[in-house]
1. Label ASP130 and ALA142 with points 7 Å out from Cα along Cα→Cβ: what is the distance between them in nm?
2. Which entries in the list LYS104/LYS235; LYS111/LYS219; LYS104/LYS244; LYS153/LYS226; LYS183/LYS219; LYS169/LYS219 go over 25 Å, if you measure between the two C-alpha atoms of each?
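Nothing in this text is a laboratory measurement; each read-out follows from the coordinates by a stated rule. Treat the numbers as computed from the prediction; the structure is a model and nothing was measured. Cβ atoms come from the backbone with ideal geometry, glycine included; neighbour counts cover every protein chain shown.
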Amino acid sequence: MSCGACISGFFFDSFRMWLSIGSLSLSILALGFLTSKNTKTKLTALYIHTFFLLFPIILYLTYSGCTAMLGSCETIKQTITLAGITSVFALLSSAILAPFLFIKRIINTSKTIGSHPITVFIARVAEQYDIIPPTFHIINTAIPIAFSFSLIKSRIFISVGLADILTYKELEAVLLHEFAHIKQQSSLIALSRHIAYITPIAWFTIKNELNNDEQNADKFAMLYQKTSRHIRLAKAKIDAFMIKRRLL
């Protein structure tokens with residue numbers, strides 16, 4: 001059986017064809033739920049989209065009509081099959097495993113901040129929203145960094161460099177911004193950007209969602225502090241530092 005005959009056999013197999021069409025339809029349908037305000041719904045839709053997008057490819061790669069092929073075509077089939085399996089593992093590692101290993105490494109190399117005015121402040125904010133206060137970690141680098149992560153336990157990471165260049169109120173604004181991400185559970189969506197390696201279509205939707213999440217986090221800080229001054233100045237200082245660093 002030739003490679004062309006194998007491909008033709010797959011496309012003329014009505015069961016597999018309708019299964020593939022149904023799978024792709026579900027993949028497209030799942031994209032519509034990526035705009036949901038519920039983080040769990042967005043994550044579920046993202047992974048459903050990816051699964052049903054990959055399913056027809058895996059279905060073709062395991063098509064029994066190709067198993068009888070010999071010679072170079074069999075080598076090609078085996079190579080493509082391996083590539084398909086690798087892509088699935090790449091999805092799992094890039095979208096799930098890699099981000100968690102990154103966070104674990106950061107935790108191991110950072111220092112937990114105990115009792116401090118800024119931790120007391122965020123704990124008070126968390127209590128107002130009936131949320132378990134996040135733990136704070138400081139990273140020993142001059143680069144101004146702040147990010148949050150929330151799954152089983154919520155954590156906020158800041159760098160020594162960030163604390164050095166910001167006033168207390170500006171640092172407060174940045175931490176309010178990160179607390180908003182925890183409150184909205186948007187850090188999980190941010191980590192899922194790695195899925196773009198498998199399905200770039202979904203990335204454009206995720207990118208818009210990430211931009212919206214950033215704007216909403218800024219708004220939370222502004223509303224809580226009743227001014228946009230501190231978050232605006234904090235971002236300006238961070239941008240100025242990064243521009244200066246690139247020029248050096």
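1. Calculated label separation equals 4.7 nm.
2. Flagged as over cut-off: LYS104/LYS235; LYS111/LYS219; LYS104/LYS244; LYS153/LYS226.
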